[in-house]
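Following: one structure in structure tokens, then a few remarks.
Read-outs throughout are calculated quantities, based only on the coordinates presented, and are distinct from any laboratory measurement. Because the structure is a prediction, the values reported are computed rather than measured. Cβ atoms come from the backbone with ideal geometry, glycine included; neighbour counts cover every protein chain shown.
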């Protein structure tokens with residue numbers, strides 16, 4: 001066996017150009033296979049970690065995916081709002097440890113505006129129960145102050161002290177803007193890779209204040225005095241949704257049932273984890289498509305290796321005949337070709353894995369910044385080991401085709417081979 005391995009190694013070295021191209025073909029296949037797998041799993045992980053540590057999300061009666069989309073991902077709109085009294089009742093419930101109210105509806109240059117209070121910065125978590133941190137400035141403390149998500153500040157070029165104007169609804173057009181009530185940027189949240197980065201945060205009182213003189217989405221012509229608004233104590237009438245953290249996980253189902261059967265108004269309470277799982281399941285087709293594409297890439301790479309081996313085999317018939325004359329048996333020739341295919345596949349896998357880790361190191365910060373997907377450098381998982389073993393096995397099986405041809409030719413050629 002050692003002799004066969006040595007011969008295979010020498011044979012590969014003797015055909016450097018062909019061997020290198022074959023190794024590169026396998027390496028590219030492995031990079032794409034593991035790269036797609038890592039992006040898929042990390043994207044799923046980042047998706048699942050969009051919100052963390054929240055036991056229940058409560059909104060107007062709706063499907064749980066719709067409620068999750070507008071309350072967490074800022075996509076779409078609520079079917080109904082929640083009365084402020086309902087929020088006060090459940091925020092003071094014996095099972096509730098903390099509550100975060102959110103109010104949606106306005107926008108700023110394509111970014112959603114969210115009204116909330118200080119509890120948002122204290123209790124909202126993402127990822128592995130990470131708290132929001134301010135990259136610059138402070139939280140809002142005055143009526144017309146705002147804290148921006150990282151993407152809002154970066155894309156629009158805002159810095160601390162800048163003035164911004166909010167617009168009523170999602171269409172940022174002249175007649176819907178609150179031009180007479182500008183907000184001052186007092187804080188910028190550090191990047192999170194979540195919808196928080198694309199959100200403009202203001203106080204609930206500010207949401208009420210900027211809509212003084214508005215009715216059914218239209219400005220009635222009343223322009224309030226800024227100082228008078230600051231002196232007035234506003235209390236929300238309605239909010240869009242609320243996030244609840246409970247004293248004990250055991251109480252989750254009981255409180256969820258109580259909220260879903262609440263008689264004062266129709267409400268829905270969802271568990272974020274289950275809703276996220278359902279939402280990801282709706283995108284399973286895209287996930288499977290990625291796996292199929294990466295699988296075809298591996299097949300293409302292995303077929304490239306097969307083509308290379310078969311092409312070189314015709315040129316090596318005299319080599320096989322010489323080996324036979326030196327005492328090698330047909331099974332030795334067969335083993336030699338199998339060993340070569342196995343070695344080329346193994347080297348391709350090693351090169352592919354090393355290159356992938358190098359690419360992840362270089363591109364991870366860029367992917368995190370632009371797409372919010374945290375692709376971490378971690379040890380190869382058991383599933384990835386299985387994929388690599390399948391590639392190695394497929395490479396060995398591919399080697400059987402030229403090996404069998406060499407076996408038959410070595411029997412027929414003897415020393416009479418003509419090139």
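Shape call for region 1-153 from the C-alpha gyration tensor, a ≥ b ≥ c root eigenvalues: rounded (a/c under 1.5), prolate (a/b greater than b/c) or oblate?
Working: a/c = 3.42, a/b = 2.95, b/c = 1.16.
Prolate, since a/c reaches 1.5 and a/b exceeds b/c.
What length, rounded to one decimal in nm, is gained on full extension from residue 307 through to residue 396, with 0.36 nm per residue of separation minus their alpha-carbon distance?
30.6 nm
Rounded if a/c is under 1.5, else prolate if a/b beats b/c, else oblate: with a ≥ b ≥ c from the C-alpha gyration tensor eigenvalues square-rooted, which is region 25-101? It would help to have the intermediate numbers written out before the result.
Numbers: a/c = 5.65, a/b = 2.69, b/c = 2.10.
Since a/c reaches 1.5 and a/b is larger than b/c, the shape of region 25-101 is classed as prolate.
With label points built 7 Å along Cα→Cβ from the Cα atoms of residue 94 and residue 228, find their separation and express it in nm.
Inter-label distance under the simple model: 4.7 nm.
If you take the beta carbon distance between residue 299 and residue 130 as r and set R0 to 35 Å, what does 1/(1 + (r/R0)^6) give as a FRET efficiency, to the nearest 0.05? Present the calculation step by step, with values, prior to reporting the outcome.
Numbers: r = 41 Å, r/R0 = 1.16.
The calculated FRET efficiency here is 0.30.
When N is the residue count of region 56-270, what does its C-alpha Rg come to as a fraction of 2.2 N^0.38 Å? Could you put the intermediate results ahead of the total?
Working: Rg = 17.0 Å, N = 215, 2.2 N^0.38 = 16.9 Å.
Ratio of Rg to 2.2 N^0.38 Å for region 56-270: 1.01.
Report the full-extension gain for the segment residue 80 to residue 357: residue separation times 0.36 nm, less the Cα-Cα distance, to one decimal in nm. Walk me through the numbers before you get to the answer.
Numbers: separation 277, 0.36 × 277 = 99.72 nm, distance 4.77 nm.
Taking residue 80 through residue 357 to full extension adds about 95.0 nm, to one decimal.
To the nearest 0.05, how large is the calculated FRET efficiency for residue 163 and residue 350 if R₀ is 60 Å and r is the Cβ-Cβ distance? Walk me through the numbers before you get to the answer.
On the way: r = 57 Å, r/R0 = 0.94.
Calculated value: 0.60.
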